[in-house]
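> First, the structure itself, so that you have it in front of you.
The values are calculated or read from the model by the stated rules, or taken from the named source; none is laboratory data. Keep in mind it's a predicted model, so treat the numbers as computed, not measured. Every residue, glycine among them, receives a Cβ derived from its backbone with ideal geometry; neighbour counts consider all protein chains shown. These accessible areas exclude ligands, DNA and RNA; they are computed on the full protein's heavy atoms, side chains included. Shrake-Rupley method; radii C 1.70, N 1.55, O 1.52, S 1.80 Å.
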Amino acid sequence: MKTVILGGGLTGVTLSRLLAELGDEVAVLEAAPRIGGLCRSRTEQGFTFDTGGSHIIFSRDCEVLSFMISTLEGNRNERARNTKIFYKGRYVKYPFENGLADLPKDDLFFCINEFIRTLIAVEKGELPPPENFRDWIYFTFGRGIAECYMVPYNEKIWNYPTGKMSHHWVEGRIPRPPVEDVIKSAVGIETEGYTHQAVFTYPLHGGIEALVRAIAEPVKETILVNFTVNSVKKENDGWVIGDGQREVRAGRLISTIPLQALIEVLNDVPFTVAEAVKNLRYNSVASIFIGIRGQVPPYSWVYIPDPETGLMNRISFPSNYSPEVAPEGHGAILAEITYNEGDAVSGMSDQELISHVTMSLEEMGLLDHTQVVYSGVERQEFAYVVYDLDYQKNIRIVHDYFNRIGIDLVGRFSQFEYLNMDGCIRSAMNYVGNLACR
Ligand SMILES: Cc1cc2nc3c(=O)[nH]c(=O)nc-3n(C[C@H](O)[C@H](O)[C@H](O)COP(=O)(O)OP(=O)(O)OC[C@H]3O[C@@H](n4cnc5c(N)ncnc54)[C@H](O)[C@@H]3O)c2cc1C
């Protein structure tokens, strides 16, 4: 039976490789001229930037991590994370709860006092269980950490009120340190949080796309690029997939493309399903690339919770991941700004974004505009799944429907889950593992 995979991002190429290893006949249909999806990279004037925002390789999942690392073979570099949060002009250690000693004294007291008061209140059962993400933040960290960092940062990256977000997804994703670590960090004893990411891997050459290319290498010939799927029809026991010019037939159909794109190309989608997809929220991201003459600071990346500092939620320094992504004597900076269609950022031109970021970085003391030798912008419409309060209701309707009609959904915007690269590869491995057991 021939399997057709819609989308040649990380999930699509991983599925193709794993299915081919089982001996299946596979075809991957990718709209863009190159594979990679959110994990594409571009090289210009000696600078390599990840076009879907800065990526690093890390995972708690040992099997997936060793798959990624062994696939890269020698093309990899390991670095210790040196990440900060820019707070009132200071560089506070990340995660915030592990960097409390870096705060001004009043804020340090506010954070630790509220943390302990909340802890006691929770122990005594005086606080109701959280009903949304904002409640969860206050319930878990107390008012100080919530108001100094967690709420402003999250509202910036999600571009959505935390009080309107669900909290079902946070376990394991948002660092939640032991109490002793928070107290130690407040008195200035070094602690490390989010430890499975404390050391990370990055390709030496080619940016994060090198990982997707390495995974795709044995199955290159299964991938058809420049194939924008615009029709998917049921035919007897299989499917016919078209791009307006060509048709490909499949016995099994797996989609890794965004649900919003898939629903568009199907006929007779029930109204409730179309509405549920329409109501799923997501964010777009603009990646702003700045290449400079001279050195960047020694940080891996810096979170920027305060809207006054700039529109960016994060700036990364890819030349600290690999020495090969910038020409000698130069440094690379990547700023990420999330936005939604119709908001102020979505209306900004590339030049306006570059000027905004350059000015903000100058004000942070990170560069002088005369150092800038390269700049560029890329936008990704589908960047982050936003878990609003109706998410679980809507996604159930959508998944039930695709289950019923027999299209399998794997990947970040197909499952419509906040999956990192490791989560995508795990989903692909589980999918193929289940097929092999049938
Ligand atoms: C800013 C940012 C930073 C991130 N950083 C990290 C990180 O540091 N570490 C980490 O592990 N993960 C990170 N991620 C997550 C990671 O990028 C994703 O988990 C992963 O790339 C998702 O892969 P995918 O194949 O499921 O989806 P996608 O990459 O979205 O691939 C879908 C593919 O489908 C194609 N497509 C769409 N419509 C059609 C159509 N009609 N016909 C044919 N093809 C179509 C698209 O062109 C695309 O290639 C980050 C994500 C973002 C947004």
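> Being closer than 19 Å to TYR321 by Cβ, in contact with a Leu (Cβ under 6 Å, 6 or more places away or on another chain) and more than 14 Å from the ligand (Cβ to nearest atom) narrows it down to one of ASN82, ASN75, so name that one.
ASN75
> Just checking, how many residues over the range 405-424 are near the ligand (Cβ under 9 Å from one of its atoms), buried (at least 24 other Cβ atoms within 10 Å of the Cβ) and in a helix (DSSP H, G or I)?
Here the count works out to 5.
> Oh, and also: Anything in the range 375-404 that is within 17 Å of ILE315 (Cβ to Cβ) and open to solvent by less than 10 Å² (accessible area, probe 1.4 Å)? List them, or say none.
GLY376, ALA383
> Being away from the ligand (no atom under 11 Å from the Cβ) and assigned to a loop (DSSP other than H, G, I, E, B) is the filter; apply it to the range 220-243 and report the residue that is farthest from GLN415 (Cα to Cα).
Within the range 220-243, the match that is farthest from GLN415 (Cα to Cα) is ASN236.
> Farther than 25 Å from THR83 by Cβ and among the polar types (S, T, N, Q) - does that describe any residue in the range 304-313? Reasoning before the result, please.
Let us first name the residues in the range 304-313 that are farther than 25 Å from THR83 by Cβ, namely none.
No.
> Which pairs turn up if I take residues in the range 315-329 that are over 18 Å from LEU361 (Cβ atoms) and look for partners that are acidic (Asp, Glu) with beta carbon separation below 9 Å, at least 6 apart in sequence or on another chain?
Once the first residue is over 18 Å from LEU361 (Cβ atoms) and sits in the range 315-329, no partner that is acidic (Asp, Glu) comes close enough.
> I'd like the full set of residues that are closer than 19 Å to GLY331 by Cα and open to solvent by 10 Å² or more (accessible area, probe 1.4 Å), limited to the range 53-75.
Of everything in the range 53-75, those that are closer than 19 Å to GLY331 by Cα and open to solvent by 10 Å² or more (accessible area, probe 1.4 Å) turn out to be SER54, HIS55, ILE56.
> Related question: What tally of residues in the range 327-347 results from selecting those that are over 22 Å from the mean Cα position of the chain (by Cα) and open to solvent by less than 10 Å² (accessible area, probe 1.4 Å)?
1
> Kindly indicate the residue of the range 14-28 that is within 23 Å of the chain's Cα centre (by Cα) and open to solvent by less than 20 Å² (accessible area, probe 1.4 Å) and also farthest from the ligand (Cβ to nearest atom) among those meeting that condition.
The residue in question is SER16.
> Still on this structure, I have one more. Can you tell me which of (1) of a type outside the set (Gly, Ala, Ser); (2) in contact with a strand residue (DSSP E or B) (Cβ under 7 Å, 6 or more places away or on another chain); (3) more than 27 Å from MET1 (Cα to Cα) is the one GLU275 doesn't meet?
(2)
> Being under 22 Å from ALA101 (Cα atoms) and at pLDDT below 95 is the filter; apply it to the range 142-180 and report the residue that is surrounded by the most Cβ atoms within 10 Å (Cβ to Cβ).
PRO177
> Checking the condition open to solvent by 20 Å² or more (accessible area, probe 1.4 Å) and under 21 Å from ASP388 (Cβ atoms), which residue from ASN279, ASN320, ASN313, ASN283 passes?
ASN279
> Looking at the structure I just gave you, is ILE208 within 14 Å of the ligand (Cβ to nearest atom), closer than 29 Å to ILE69 by Cα, open to solvent by less than 10 Å² (accessible area, probe 1.4 Å) and β-branched (Val, Ile, Thr)?
Judged against the criteria, ILE208 is a match.
> Working carefully through the options LEU311, LEU280, find the one that is within 16 Å of the ligand (Cβ to nearest atom) and touching a strand residue (DSSP E or B) at 6+ places or on another chain (Cβ under 6 Å).
Residue meeting the stated conditions: LEU311.
> Within the range 244-293, which residues are among the hydrophobic types (A, V, I, L, M, F, W, C) and in a strand (DSSP E or B)?
Within the range 244-293, VAL248, ALA250, LEU253, ILE254, LEU266, VAL285, ALA286, ILE288, PHE289, ILE290, ILE292 meet the criteria.
> Restricting to the range 286-299, name every residue that is buried (at least 22 other Cβ atoms within 10 Å of the Cβ) and small (Gly, Ala, Ser).
Within the range 286-299, ALA286, SER287, GLY291 meet the criteria.
> Something else about it: What is the residue count in the range 1-13 for residues that are within 15 Å of LEU224 (Cα to Cα) and either more than 6 Å from the ligand (Cβ to nearest atom) or of a type in the set (A, V, I, L, M, F, W, C) (or both)?
The number of residues fulfilling the criteria is 7.
> When both residues are 6+ apart or on different chains and their Cβ atoms are under 9 Å apart, which pairs have a first residue that lies in the range 27-39 and is on the phi < 0 side of the Ramachandran plot, and a second that is of a type in the set (D, E, K, R) and part of a loop (DSSP other than H, G, I, E, B)?
LEU29/ASP243; ALA31/ASP243; ALA32/ARG40; ARG34/ARG40
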